[in-house]
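The structure appears below as structure tokens.
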């Protein structure tokens, strides 16, 4: 199955797709992620070129920055993408295992293939985001839709590949996301309290 056919199957027939991919190894889902990464990076070049061209008026080295970022993205981006994929999969697999799943490779497949919606939707959101004033309002719902659809696909993948119930699959996916969100919020609150504790007290106005 070629990448484009696989991408279509994930989006429109996820249950059937994941049933067919159970026998795959590590290579196929990792290759899928790399192909999506390069497609996203290449199609994002025009928008970054526009942004750096706008910056060139104030930053004479903007052109060099653009070339450096592009070089780093092409050389180191795939390595970092795969590293993040493996770490994120390990984190999610802990919960999949707790709810009856087995096989790290099955969680890897679910995580990798569930990223399919982010390629077109996030790319569209990125281009809409440069529209003055309206950009953020247009791109936000598209990014949210991509995230929700990816989570739904991940739940279907975890359920199908690990052969667990839908309820267990939902818990195995949503609990780690909720836990991560809670940890981030605690860190943000602690950082804010730390920063505020070092700020001088505001002077109190006195009235005669």
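The values are calculated or read from the model by the stated rules, or taken from the named source; none is laboratory data. These numbers were taken from a predicted model, which means no experiment stands behind them. Heads up, the Cβs are rebuilt from the backbone with ideal geometry, glycines too, and the neighbour counts pull from every protein chain shown.
Quick test for you: out of 167, 157, pick the one residue that is at pLDDT 90 or above, assigned to a helix (DSSP H, G or I), more than 19 Å from the chain's Cα centre (by Cα) and under 24 Å from residue 12 (Cα atoms). Reasoning before the result, please.
Values: 157 fails: more than 19 Å from the chain's Cα centre (by Cα).
Residue meeting the stated conditions: 167.
Only one residue in 140, 108 is closer than 30 Å to residue 22 by Cβ and either assigned to a helix (DSSP H, G or I) or in contact with a helix residue (DSSP H, G or I) (Cβ under 7 Å, 6 or more places away or on another chain) (or both), so which one is that?
Result of the check over 140, 108: 108.
Only one of (1) under 15 Å from the mean Cα position of the chain (by Cα); (2) part of a helix (DSSP H, G or I); (3) within 20 Å of residue 18 (Cβ to Cβ); (4) modelled with pLDDT of 90 or more is not met by residue 180, so which one is it?
Unmet for residue 180, out of (1) under 15 Å from the mean Cα position of the chain (by Cα); (2) part of a helix (DSSP H, G or I); (3) within 20 Å of residue 18 (Cβ to Cβ); (4) modelled with pLDDT of 90 or more: (3).
Residue-by-condition table, conditions (1) under 19 Å from the mean Cα position of the chain (by Cα); (2) part of a helix (DSSP H, G or I); (3) farther than 17 Å from residue 114 by Cα; (4) at pLDDT below 90:
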{"position": "9", "(1), (2), (3), (4)": "no, yes, no, no"}
{"position": "15", "(1), (2), (3), (4)": "no, yes, no, no"}
{"position": "19", "(1), (2), (3), (4)": "no, yes, no, no"}
{"position": "34", "(1), (2), (3), (4)": "yes, yes, no, no"}
{"position": "37", "(1), (2), (3), (4)": "yes, yes, no, no"}
{"position": "46", "(1), (2), (3), (4)": "no, yes, yes, yes"}
{"position": "54", "(1), (2), (3), (4)": "no, yes, yes, yes"}
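Residue by residue through segment 111-137, note down the ones that are without any contact (Cβ under 8 Å) to a residue 24 or more places away in the chain and assigned to a helix (DSSP H, G or I).
Pass one, segment 111-137, residues without any contact (Cβ under 8 Å) to a residue 24 or more places away in the chain: 120, 124-125, 128-129, 131-137.
Hits for segment 111-137 are 120, 124, 125, 128, 135, 136, 137.
Could you tell me whether segment 183-206 includes any residue that is surrounded by 14 or more Cβ atoms within 10 Å (Cβ to Cβ), part of a helix (DSSP H, G or I), at pLDDT 90 or above and under 18 Å from the mean Cα position of the chain (by Cα)? Write out each step before concluding.
Applying the first criterion (surrounded by 14 or more Cβ atoms within 10 Å (Cβ to Cβ)) to segment 183-206 yields none.
The answer is no, given that none of the residues of segment 183-206 is surrounded by 14 or more Cβ atoms within 10 Å (Cβ to Cβ), part of a helix (DSSP H, G or I), at pLDDT 90 or above and under 18 Å from the mean Cα position of the chain (by Cα).
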